[in-house]
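Below is one structure, written out as structure tokens; comments come after it.
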Amino acid sequence: MSAGRLRFDGWIIGVGTTSGTRIVVGHWPRSPLGPLSDVMVQRPDDHRVLFAPHREAADFIASTYTFDEVRLVDVVVTRPDEATWTVAAGPLALRVRTAGRPLLGRLLRAVPAPLARTPAWTGLLDRPARLLTGLRTTGSAGNGRTEWYGVQDLHTVTDLAASWDGVPLGTLAPVRPPVTFGFGSVPPDPGVVRVTTTVRVP
């Protein structure tokens, strides 16, 4: 893939389970690789697995983040209704329900989307985000890449059903310990964020 700034526009689901498995789903209707979804899983023993739908996506994501295992599988994300997301990826089956926006979500929605998506604005928010939440909006990724997370909305996840090879993963829990795929984690409170991720490739 050519050098430059590459933009992935869509949603990220971040949830934990009482079994200790933490799950991060990226659903990207618009990306340089075409519409795609991917799943990053960190198991209770901290083994990190990437599920990607094809080799090009797997190579790009694995060059940006760090995994112990990469699997090429169909990744199917659906929304039966506005509050429900379902995910099927290899051994993982996931269904989450969302509720309304918390205060942070309402604040994020108040920022015009064209501004919220820009790396300049996202970079300005990095220090306040670290001070207030411990999370980062920009940072260094793998292979000399820089990444910006332009978050534009947030909904709370209120319910979860998840299994791995048919074995239930427990009920909804905070994303703790934080996932360690890259320079930042998702928020500890389970949620779905509307986001534009910009990756600068040297």
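The values are calculated or read from the model by the stated rules, or taken from the named source; none is laboratory data. Keep in mind the model is a prediction, meaning the values are calculated, not measured. Every residue, glycine as well, gets a Cβ built from its backbone with ideal geometry; the counts of neighbours run over all protein chains shown. Areas reflect the complete protein model, heavy atoms only, side chains present, ligands, DNA and RNA absent. Shrake-Rupley method; radii C 1.70, N 1.55, O 1.52, S 1.80 Å.
Checking Leu50 against (1) closer than 19 Å to Pro190 by Cβ; (2) in contact with a helix residue (DSSP H, G or I) (Cβ under 7 Å, 6 or more places away or on another chain): exactly one of these is not met. Which one?
That leaves (1) as the condition not met.
Among (1) in contact with an Asp or Glu (Cβ under 9 Å, 6 or more places away or on another chain); (2) farther than 27 Å from Ala83 by Cα; (3) polar (S, T, N, Q), which single condition is Thr118 missing?
Answer for Thr118: the failing condition is (1).
Of all residues in region 64-99, which are open to solvent by less than 40 Å² (accessible area, probe 1.4 Å) and either at positive phi or touching a helix residue (DSSP H, G or I) at 6+ places or on another chain (Cβ under 6 Å) (or both)?
Hit for region 64-99 is Thr64, nothing else.
Exactly one of (1) farther than 19 Å from Thr198 by Cα; (2) touching a strand residue (DSSP E or B) at 6+ places or on another chain (Cβ under 8 Å); (3) not in a strand (DSSP E or B) is unmet by Ala62. Its number?
That leaves (1) as the condition not met.
Before we move on, is Leu107 modelled with pLDDT of 80 or more, over 23 Å from Ser31 (Cβ atoms) and open to solvent by 80 Å² or more (accessible area, probe 1.4 Å)?
Working: modelled with pLDDT of 80 or more: yes; over 23 Å from Ser31 (Cβ atoms): yes; open to solvent by 80 Å² or more (accessible area, probe 1.4 Å): yes.
Judged against the criteria, Leu107 is a match.
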